[in-house]
Amino acid sequence: QVQLVESGGGLVQAGGSLRLSCAASGRTFSSYSMGWFRQAPGKERDFVGRISRSGGSTYYADSVKGRFTISRDNAKNTVYLKMNSLKPEDTAVYYCAACSGYGCFGRNEADYWGQGTQVTVSS
């Protein structure tokens with residue numbers, strides 16, 4: 001069982017930056033690939049990016065590539081999402097997910113979800 005708790009969301013102006021954190025419980029954090037997803041009102045939960053178990057490999061949605069960066073600290077059981085050059089269309093609830101093996105490329109691959117943190121980007 002893995003429990004995930006996101007933090008760091010808030011209100012920011014367009015062009016600004018935020019860093020989200022996702023803290024995981026349990027001793028098996030490093031055995032999970034980790035992903036970030038987001039869900040805007042009335043829309044589906046979309047893939048943002050993922051990071052491999054070791055942190056050596058990342059992959060991003062085209063919409064955030066070059067602006068967002070995922071990292072992880074396995075010693076702290078935490079994964080991060082650094083968001084730069086934020087746009088109003090980035091407004092959403094952001095969720096982290098833990099996925100077995102090499103997954104987290106899609107929401108159906110998530111084994112565990114956090115509760116989400118709201119990010120609002122004003123124009």
| note | Once Val79, Val12 are ranked on solvent-accessible area with the largest value leading and a 1.4 Å probe, the list reads Val12, Val79
| remark: accessible surface per residue for region 1-94, probe 1.4 Å, DNA/RNA/ligands not counted, whole Å² -> 50 Å²
| In sequence order, calculated HN-Hα J values of region 77-85 (Karplus, 6.51, -1.76, 1.60; Hz; x Gly/Pro) | 6, 9, 10, 10, 10, 8, 10, 10, 6
| query | For the chain, which whole percent of the accessible surface, found with a 1.4 angstrom probe, sits on carbon and sulfur atoms? | reply | 46 percent
| request: Sum up the charges of everything whose Cβ sits under 12 Å from the Cβ of Trp113, counting Lys and Arg as +1 and Asp and Glu as -1, but leave Trp113 out. | output: -1
| message | Looking at the calculated P(r) for the chain, what percent of the C-alpha pair distances fall above 20 Å? | response | 34 percent
| message | Which order do the peptides 51-58, 98-105 come out in when sorted by mean C-beta neighbours inside 10 angstrom, highest first? | response | 98-105, 51-58
| Looking at region 3-38, which trypsin sites (Lys or Arg not before Pro) are DSSP coil and have at most 11 other C-beta atoms within 10 Å of their C-beta? | Arg27
| note | For the pair Ser57 and Gln13, the simple spin-label estimate (label points 7 Å beyond Cα toward Cβ) gives in nm 4.1 nm
| request: May I ask you to list the lysines whose Cα is less than 24 Å away from that of Lys65, ignoring any residue fewer than eight positions away on the same chain? | output: Lys43, Lys82, Lys87
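The values are calculated or read from the model by the stated rules, or taken from the named source; none is laboratory data. The model shown is predicted, which means the values in this text are computed figures rather than measured ones. Positions of Cβ are backbone-derived with ideal geometry, glycine not excepted, and every protein chain shown enters the neighbour counts. What goes into the accessible areas is simple: the full protein's heavy atoms, side chains included, and nothing from ligands, DNA or RNA. Shrake-Rupley method; radii C 1.70, N 1.55, O 1.52, S 1.80 Å.
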